[in-house]
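Colleague: Sharing a structure, written as structure tokens. Questions coming.
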């Protein structure tokens, strides 16, 4: 991720509809997988760390995290985070079988990540029976040139690609579902029409699509996602702009 994007992330991660909705879905996911308060959880590629804060404050997990960026690390003290360090998901700086759960949100698509190696590393630091939870962007055709340059990502995923990844090291699949289905038509329309809009000057730095929204719009989008969250407690979604994959480590 470009260095200036971490300030945007820090400023909006507590309020922006996408983060609020996703973090609530992740809490539900871990609880439904049987993870109890006090479980030791790793956020692999934690960014500025708001997801870690939520997992401690709302659920009571013992959370650890790392990120490759020193720019992300500069925000950790402001979040009150101490169990965090610099490190790469390609070479996770923790011992084997340390964690009851590993979460990774929108990390594997980054251009610096070696997918198979990163997956094997997350598997390595999980305890037998531990829960691996991945959130990944869906559909190659949704790739946006400017947004993905800003977050330094160069790939998106299909369900088949996720299952192929899980075949590298043995896991038992718990769940594979898309997310943000209700807003998918809006997202797809935006991405399809985006190339036809006025292009930015080539000298301008790329910017992500994470931007402050008027309160009413942001709250409406969050309520849509929160309603979808209640559906996710009972059903998997067949389409959506992200994929949620949950698996249990097989020793």
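Colleague: In the range 65-78, what residues are surrounded by fewer than 23 Cβ atoms within 10 Å (Cβ to Cβ), without any contact (Cβ under 8 Å) to a residue 40 or more places away in the chain and either within 18 Å of the chain's Cα centre (by Cα) or under 17 Å from residue 98 (Cβ atoms) (or both)?
Modeller: 66, 73, 76
Colleague: Test each condition in (1) within 25 Å of residue 111 (Cβ to Cβ); (2) within 19 Å of the chain's Cα centre (by Cα) for residue 237 and report the one that comes out false.
Modeller: (1)
Colleague: Given the criteria at pLDDT 90 or above, in a loop (DSSP other than H, G, I, E, B), surrounded by fewer than 12 Cβ atoms within 10 Å (Cβ to Cβ) and out of contact with any strand residue (DSSP E or B) (no Cβ under 8 Å at 6 or more places or on another chain), does residue 199 qualify?
Modeller: Considered against the rule, which asks whether it is at pLDDT 90 or above, in a loop (DSSP other than H, G, I, E, B), surrounded by fewer than 12 Cβ atoms within 10 Å (Cβ to Cβ) and out of contact with any strand residue (DSSP E or B) (no Cβ under 8 Å at 6 or more places or on another chain), residue 199 comes out as no.
Colleague: Checking residue 86 against (1) touching a residue at least 40 places away in the same chain (Cβ under 8 Å); (2) surrounded by fewer than 21 Cβ atoms within 10 Å (Cβ to Cβ); (3) in contact with a strand residue (DSSP E or B) (Cβ under 9 Å, 6 or more places away or on another chain), only one condition comes out false. Which one?
Modeller: Going through (1) touching a residue at least 40 places away in the same chain (Cβ under 8 Å); (2) surrounded by fewer than 21 Cβ atoms within 10 Å (Cβ to Cβ); (3) in contact with a strand residue (DSSP E or B) (Cβ under 9 Å, 6 or more places away or on another chain) one by one, residue 86 breaks only (1).
Colleague: Of the numbered conditions (1) crowded, with 18+ Cβ neighbours inside 10 Å; (2) part of a helix (DSSP H, G or I), residue 245 satisfies every one except a single condition; which is it?
Modeller: Condition not satisfied by residue 245: (2).
Colleague: Now a separate question. Could you identify the single residue in 35, 42, 30 that is farther than 25 Å from residue 154 by Cα, touching a strand residue (DSSP E or B) at 6+ places or on another chain (Cβ under 8 Å), touching a residue at least 60 places away in the same chain (Cβ under 8 Å) and not in a helix (DSSP H, G or I)? Steps first, answer last, please.
Modeller: Details: 42 fails: farther than 25 Å from residue 154 by Cα; 30 fails: not in a helix (DSSP H, G or I).
35 is the lone residue from the list that is farther than 25 Å from residue 154 by Cα, touching a strand residue (DSSP E or B) at 6+ places or on another chain (Cβ under 8 Å), touching a residue at least 60 places away in the same chain (Cβ under 8 Å) and not in a helix (DSSP H, G or I).
Colleague: Looking at 60, 21, 49, 80, which one is within 28 Å of residue 155 (Cα to Cα) and out of contact with any strand residue (DSSP E or B) (no Cβ under 8 Å at 6 or more places or on another chain)?
Modeller: 21
Colleague: Right, something else. Here is a check on your reading of the model: is residue 9 under 19 Å from residue 126 (Cβ atoms) and buried (at least 21 other Cβ atoms within 10 Å of the Cβ)?
Modeller: For residue 9, the condition - under 19 Å from residue 126 (Cβ atoms) and buried (at least 21 other Cβ atoms within 10 Å of the Cβ) - is not met.
Colleague: Restricting the first residue to the range 206-231 and requiring it to be more than 18 Å from residue 181 (Cα to Cα), which pairs with a second residue that is modelled with pLDDT under 95 and not in a helix (DSSP H, G or I) meet a Cβ separation below 6 Å and a spacing of at least six or different chains?
Modeller: Matching pairs, first to second residue: 208/151.
Colleague: Another one. Among 136, 81, 108, which is the only one that is closer than 30 Å to residue 61 by Cα, within 17 Å of the chain's Cα centre (by Cα), surrounded by 18 or more Cβ atoms within 10 Å (Cβ to Cβ) and without any contact (Cβ under 8 Å) to a residue 60 or more places away in the chain?
Modeller: So the residue among 136, 81, 108 that is closer than 30 Å to residue 61 by Cα, within 17 Å of the chain's Cα centre (by Cα), surrounded by 18 or more Cβ atoms within 10 Å (Cβ to Cβ) and without any contact (Cβ under 8 Å) to a residue 60 or more places away in the chain is 108.
Colleague: If we keep just the residues of the range 162-186 that are closer than 18 Å to residue 217 by Cα and either in contact with a helix residue (DSSP H, G or I) (Cβ under 7 Å, 6 or more places away or on another chain) or touching a residue at least 60 places away in the same chain (Cβ under 8 Å) (or both), which is surrounded by the fewest Cβ atoms within 10 Å (Cβ to Cβ)? Before you say what the answer is, go through the steps one by one.
Modeller: As a first pass, look at the range 162-186 and keep what is closer than 18 Å to residue 217 by Cα: 180-186.
Within this subset, residues satisfying the condition of being either in contact with a helix residue (DSSP H, G or I) (Cβ under 7 Å, 6 or more places away or on another chain) or touching a residue at least 60 places away in the same chain (Cβ under 8 Å) (or both) are 180-183.
On the way: 180: 24, 181: 18, 182: 15, 183: 19.
Filtering first and then ranking leaves 182.
The values are calculated or read from the model by the stated rules, or taken from the named source; none is laboratory data. Note that the structure is predicted; figures quoted are calculated from it, not measured. Ideal geometry is used to build each Cβ from the backbone, glycine not excepted, and the neighbour counts take in all protein chains shown.
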